[in-house]
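To start, the structure under review is shown below, and the notes come after it.
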Amino acid sequence: MTKPRIGIIGAGIYGTYVLKAFAYAHRMGQIELVALADIKKDLLQEKVKEFKIKGYLDYKEMIKKEALDAIAVVTPDFFHREIALEVASHGIHLLVEKPLDVSVEGAKEMVRAAKENNILLFVDFHKRFDPAHIILKKQIQQGKLGKVQYGYIWVEDKIEVPSVWFKNWAHKSSPAWFLGIHIYDLLYWLLKSKPKKIYATGIKDKLINMGIDTYDSLQAKIEFANGASITVDTSWTLPNSFPSITNQGIRIIGSNGIWEIDGQDRGIFYSIEEDRIANIPNYYSMIEKEHPFFGTIRQGYVVESMMYFLQLVTELKKGTTVQDIAGLYPSGEEAIISTLICESVHESAKIGKPIELN
């Protein structure tokens, strides 16, 4: 069997993470990393040289010329739908970064396109691959916590993220779309229950005064069909002096137990003079190691999600069907739920009233 031929669309910060993960799979002989597309010429040339792959300014030309088995879409959120629909129309399997789309209707259209063309639509919700979350899910499934009653989750980024990393498009996003979407999916995955009511508030202050018209923070109370009520706070205006890019944690309370996860502080702290600030890294999410034969590799639950997608594509190339692997990965159908939650969070914050969901 020939190895799956893989392409990537998007060479930014996260696109580079995907490139590094896929490049390792290429060196291991698992896939053939073929090409990269990005509209920024200088950035594209830099990555093409670094990863020794073909580069295209037009992703449609890449699709036309490269006979790809799968493509990872790693662009700003609002470009996902158009690109995914084009990729799906060619029968090419898809990994799409979260959120699937910034509207429920857009997400549904992408799911329909995947079904019509019989392709894998994998959404990169890597929080499902965090060992701490896997353990929590098992505790809930086994009834160790009893009936989940309420909980609190927070996820926050330093202001560097919207003001420096994504300053050109942060106004088209929010802390809920960028961070909260992970948590909304995680809750659906943990609880296996759909949301029925959402009430949210939001604050626009610091970023809008910096010329970036988006929320500093969004606070949401989500009631699920199984009776659980979870509060989710998202923000991306922590001071740049904060010792890590992301701060996050989970507290779930059931009728028979409580479970807490400090997703930011994984027990490692360091302070080095040249870094100017202390740091609390999460090496469980991503860490670089040296392999004796294949060079620098990246491991951790963020990378594991990407590699799992490649494993599924390999199985599909061997003859496994998309129907055979249903329920074994973060699907487009499931991503509609998190998109619905996020869309409703914004609507509730806008109108100042709860949103009832069918």
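The values are calculated or read from the model by the stated rules, or taken from the named source; none is laboratory data. It should be emphasised that the depicted structure is a prediction, and the values quoted were computed from it without experimental measurement. Every residue, glycine among them, receives a Cβ derived from its backbone with ideal geometry; neighbour counts consider all protein chains shown.
When we screen Leu19, Leu43 for residues that are over 22 Å from the mean Cα position of the chain (by Cα), in a helix (DSSP H, G or I) and surrounded by 16 or more Cβ atoms within 10 Å (Cβ to Cβ), the only hit is Leu43.
For segment 48-87, taking the residues that are out of contact with any strand residue (DSSP E or B) (no Cβ under 8 Å at 6 or more places or on another chain) and outside any helix (DSSP H, G or I), the one that is nearest to Gly295 (Cα to Cα) is identified as Lys52.
Selection of segment 312-331 for residues being assigned to a helix (DSSP H, G or I) and either outside the structural domain of Val18 (by TED's automatic domain parsing) or out of contact with any helix residue (DSSP H, G or I) (no Cβ under 9 Å at 6 or more places or on another chain) (or both) yields Val313, Thr314, Lys317, Lys318, Gln323. Whether any residue in segment 284-294 is exposed (fewer than 15 other Cβ atoms within 10 Å of the Cβ), assigned by TED's automatic domain parsing to the domain that holds Val345 and not in a strand (DSSP E or B) is what I want to check. No, every residue in segment 284-294 fails to be exposed (fewer than 15 other Cβ atoms within 10 Å of the Cβ), assigned by TED's automatic domain parsing to the domain that holds Val345 and not in a strand (DSSP E or B). Each residue in segment 62-98 was checked for being within 12 Å of Leu36 (Cβ to Cβ) and among the acidic types (Asp, Glu), and 1 pass.
The set of residues from segment 134-151 being farther than 11 Å from Trp259 by Cα and not in a strand (DSSP E or B) comprises Ile134, Lys138, Gln141, Gln142, Gly143, Gly146, Lys147. Restricting segment 243-283 to residues that are part of a loop (DSSP other than H, G, I, E, B) and charged (D, E, K, R) leaves a set whose member that is surrounded by the fewest Cβ atoms within 10 Å (Cβ to Cβ) is Arg276.
Among the residues of segment 108-124, those identified as over 22 Å from Ala225 (Cα atoms) and within 20 Å of the chain's Cα centre (by Cα) are Glu109, Met110, Val111, Ala114, Ile119, Leu120, Leu121, Phe122, Val123, Asp124.
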